Amino acid sequence: MIRAESIAWAVGLADVAEIDSLNILQATMLAMRRAVAALSIAPMKALVDGDHCPDFGCPAEAIVKGDRDIPSISAASIIAKTVRDAMLLDLDCVYPVYGFAQHKGYGTPEHLAALRRHGPCPAHRRFMPVVQPSLDFGD
C-alpha cells in the first residue's frame with residue numbers, strides 16, 4: 001500500500017565491498033544518496049531517520065527517532081525493511097547453511113555459530129567476528 005500510494009519512492013543500496021571499505025555509516029549515507037537520486041521526482045527536502053544527513057543536493061534534516069514520529073520516514077523505513085528482508089530470503093536460497101531467512105542478517109547465536117562452522121560467504125561483511133570466526137560468541 002505504501003508503494004502504491006506514494007508520490008515517489010526509491011531504494012538505494014551499498015554492497016559488501018562498499019560497506020567494508022567505507023564503514024557502515026558512510027555506506028548508509030551513500031545508499032541514502034542513491035535512493036534520493038533515484039526518485040522520479042526531486043524532493044524539496046529530505047528527512048532522515050537518525051542524527052546524520054548526507055549531502056543530497058537539496059535541503060535535508062536528520063530527525064532522531066524519525067521513524068516513530070514522522071509518517072514519511074516510517075513509510076520509508078517499512079519499504080527499506082521489506083526490501084532488505086526480501087534480499088535476505090533470496091540470499092538464503094543461495095547460501096542456506098547460514099539461515100538468512102530466519103535471522104535476517106542479525107548477529108544471533110545461530111548466525112554466529114553458522115559463521116564459525118562454515119566461515120563467511122561472499123555476502124558477509126568482513127568485520128571482526130567474521131574475519132576471526134574462532135572467537136567465542138557464547139553459544
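Below are the figures for this structure:
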item	result
Translational diffusion of segment 1-132, µm² s⁻¹ [Kirkwood Rh, Cα pairs; Stokes-Einstein; 10 °C; 1.306 mPa s]	97 µm²/s
Helical mean residue ellipticity (222 nm; -39500 (n - 2.57) per DSSP H run of 4+; nearest 500) of the chain	-14500 deg cm²/dmol
Trypsin sites (Lys or Arg not before Pro) within segment 48-104, DSSP loop, no more than 11 other Cβ atoms inside 10 Å	LYS65
Relative contact order of the chain, pairs being alpha-carbon contacts under 8 Å that are 6 or more residues apart, as %	17 percent
Karplus-derived 3J(HN,Hα), 6.51/-1.76/1.60, for each residue of segment 109-123, Hz, glycine and proline x	x, 5, 5, 5, 5, 5, 5, 5, 6, 10, x, x, 9, x, 7
Under 5 Å, built H, 5+ apart or other chain: amide partners of ALA60	ALA46
Rounded FRET efficiency, nearest 0.05, which uses the C-beta distance separating SER74 from GLN102 and R0 of 22 Å	0.30
Extended-chain gain in nm, criterion 0.36 nm per residue less alpha-carbon gap, ASP15 and ARG3	2.0 nm
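Read-outs: derived from the displayed coordinates by stated rules, not from any lab. A quick note: this is a predicted structure, and the numbers were derived from the prediction, not measured. All Cβ positions, glycine included, derive from the backbone under ideal geometry; neighbour counts span all protein chains shown.
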